[in-house]
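Structure, as structure tokens:
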Amino acid sequence: MIYKIFRTPEWDALRADESTTGAPVDVSDGYIHFSTAAQAPETAAKHFAGEDGLWLIAVEEAALGSQLHWEASRGGEDFPHLYAPLRMDQVAWAQPLPLIDGVHRFPAGME
């Protein structure tokens, strides 16, 4: 399972349109940024610090096929990047990512 953090308007747009090319940073970079379970909290802290109204989107890697590439990014660590639109039917689940005492609270049991 890999994860994408969306702001509420981005999540709403994916649900309405059934697909997305991602957040503005994704569109600019030419791929959709994802994180592993271990990487997601640091991604939230670095790119979404203090932001409320976020959604955590989970996607099975296999659902993305050959358009998913693992590439070195932050600190030389490999991150999953999707070189195709993300479709709503590829989303395994989504849930709010609450901001509690200034820290995003991720669900227990993320794999």
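The numbers here are math on the coordinates, done by the rules we state, and not lab data. Quick caveat: nothing in here was measured; it's all calculated off a predicted structure. A quick note on method: Cβ atoms are made from the backbone with ideal geometry, for glycine too, and the neighbour counts reach across all protein chains shown.
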### Query
Using 7 Å Cα-to-Cβ label points, what is the residue 38/residue 13 separation (nm, one decimal)?
3.2 nm
#### Entry: Karplus (6.51, -1.76, 1.60) ³J(HN,Hα), θ = phi - 60°, over the stretch 102-108, in Hz, Gly and Pro reported as x
x, 10, 6, 9, 8, x, 5
### Query
Which whole-Hz ³J(HN,Hα) couplings does the stretch 29-44 yield from phi under the Karplus relation 6.51 cos²θ - 1.76 cosθ + 1.60, θ = phi - 60°, glycine and proline marked x?
7, x, 7, 8, 6, 10, 9, 7, 4, 5, 7, 4, x, 5, 4, 4
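At 0.36 nm per residue, and after removing the present C-alpha to C-alpha distance, how many nm does the segment from residue 89 to residue 1 gain when stretched out fully?
Working: separation 88, 0.36 × 88 = 31.68 nm, distance 1.48 nm.
Result: 30.2 nm gained on full extension.
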### Task
Would you please give the FRET efficiency between residue 27 and residue 70, computed as 1/(1 + (r/R0)^6) with r the Cβ-Cβ distance and R0 = 25 Å, to the nearest 0.05?
0.75
### Extension gain (nm, one decimal) between residue 101 and residue 45, 0.36 nm per residue minus Cα-Cα
18.9 nm
### Query
Okay, helix-only estimate at 222 nm for the chain: each DSSP H run of n ≥ 4 adds -39500 (n - 2.57), divide by all residues, round to 500 deg cm²/dmol; what do you get?
-6000 deg cm²/dmol
### Query
Which number do you get for Rg(Cα) / (2.2 N^0.38 Å) in the chain?
0.99
### Task
Counting only C-alpha contacts under 8 Å and six or more residues apart, can you give the relative contact order of the chain as a whole percent?
35 percent
### Query
Using unit Cβ charges (K, R positive; D, E negative) and no other charged atoms, how large, in debye to the nearest 20, is the dipole of the chain about its Cα centre?
120 debye
